[in-house]
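J.: The structure follows.
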Amino acid sequence: MNVKCFFRLVSKVMNCVHLQHMNSICLEISLDPLKSKEHGNNSNSVLNELKYFHVCSGALVPDVMHDMLEGVLQYELKLLLKKFIFEDKYITLQQLNSTIQNLDFGPSESKSRPTPIESKTLLSQDNHLKQNGKSTCHCIICHVKTFILIASQMWVLGRYFPLLVGDRIPKDDELWNCYSCILLDIVQYLFAPKLPCNDLAVLEMQITSHHEKFITLYPNNSVIPKFSLSSSYASINI
């Protein structure tokens, strides 16, 4: 099975699981309205009464901020930092945090300056780079309820990361090239104000290439569901 088919299959399975989960939550809330505060849902959508439509069935446009900035990008960057700091020792955590604190991010992005990353955060088993942002993820996709790096901070940290540590990383490092040359390229495509139709084919190739390389380069790490969600972005844009 090729990578594209694999991620489509995973997406279908996760969609069924998520649909069942959301239906159970809606039932819970209908029996106890106070549960809405716990789950972040107020009620079942009236659109779900349609015969061939459900708001959680993938018919709505996906959230690229949640899938990419708070998902794939954050997950891979955490794995990259753990490898570079604790195994390869290209850079220390103190050096990284010092660079983050001293770098001038400019007037437009200074408010989203990433905060220092703690050692226990990198060594934790979840997928997040916990910061001071007040964004809390409760969804079944993440399976975690914790303060996480908010999207605007991840937008800044993710794109500035090559500038922060690039001079310390060997140019032939495969993990580095997968991140800086492919994943960040995907991010630029996804958040571009306009995207020519001809670039959609390039985007699809880059996403497929990235996912293939990730599986090869991180054989001991699981592929989170947001990888499968991102696999369909090129076709959705069409």
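J.: With respect to Y189, determine if the residue is within 14 Å of the chain's Cα centre (by Cα), on the phi < 0 side of the Ramachandran plot and part of a helix (DSSP H, G or I).
T.: Values: within 14 Å of the chain's Cα centre (by Cα): no; on the phi < 0 side of the Ramachandran plot: yes; part of a helix (DSSP H, G or I): yes.
Against the criterion (within 14 Å of the chain's Cα centre (by Cα), on the phi < 0 side of the Ramachandran plot and part of a helix (DSSP H, G or I)), Y189 does not qualify.
J.: Looking for whichever is assigned to a helix (DSSP H, G or I), at pLDDT below 95 and more than 13 Å from M68 (Cβ to Cβ) here; the options are I140, I215, I207. Which one fits?
T.: Numbers: I140 fails: assigned to a helix (DSSP H, G or I); I207 fails: more than 13 Å from M68 (Cβ to Cβ).
Within the list I140, I215, I207, the selection yields I215.
Residue-by-condition table, conditions (1) surrounded by 15 or more Cβ atoms within 10 Å (Cβ to Cβ); (2) closer than 30 Å to R159 by Cα; (3) at pLDDT 85 or above; (4) not aromatic (F, W, Y):
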{"site": "C5", "(1), (2), (3), (4)": "no, yes, no, yes"}
{"site": "K37", "(1), (2), (3), (4)": "no, no, no, yes"}
{"site": "E49", "(1), (2), (3), (4)": "no, no, no, yes"}
{"site": "V55", "(1), (2), (3), (4)": "yes, no, no, yes"}
{"site": "F86", "(1), (2), (3), (4)": "no, yes, yes, no"}
{"site": "Q94", "(1), (2), (3), (4)": "no, yes, yes, yes"}
{"site": "I100", "(1), (2), (3), (4)": "yes, yes, yes, yes"}
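J.: Still on this structure, I have one more. C16 fails exactly one of the following numbered conditions: (1) at pLDDT below 75; (2) farther than 24 Å from S222 by Cα. What is the number of that condition?
T.: The single condition C16 does not satisfy is (2).
The rows are residues; the columns are (1) among the aliphatic types (A, V, I, L, M); (2) without any contact (Cβ under 8 Å) to a residue 24 or more places away in the chain; (3) farther than 23 Å from D172 by Cβ.
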site	(1), (2), (3)
L73	yes, no, no
K83	no, no, no
L103	yes, no, yes
L123	yes, no, yes
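The values are calculated or read from the model by the stated rules, or taken from the named source; none is laboratory data. Only a predicted model underlies this, so the values are computations on that prediction, with no experimental measurement involved. Positions of Cβ are generated from backbone atoms using ideal geometry, with glycine treated the same way; all protein chains shown enter the neighbour counts.
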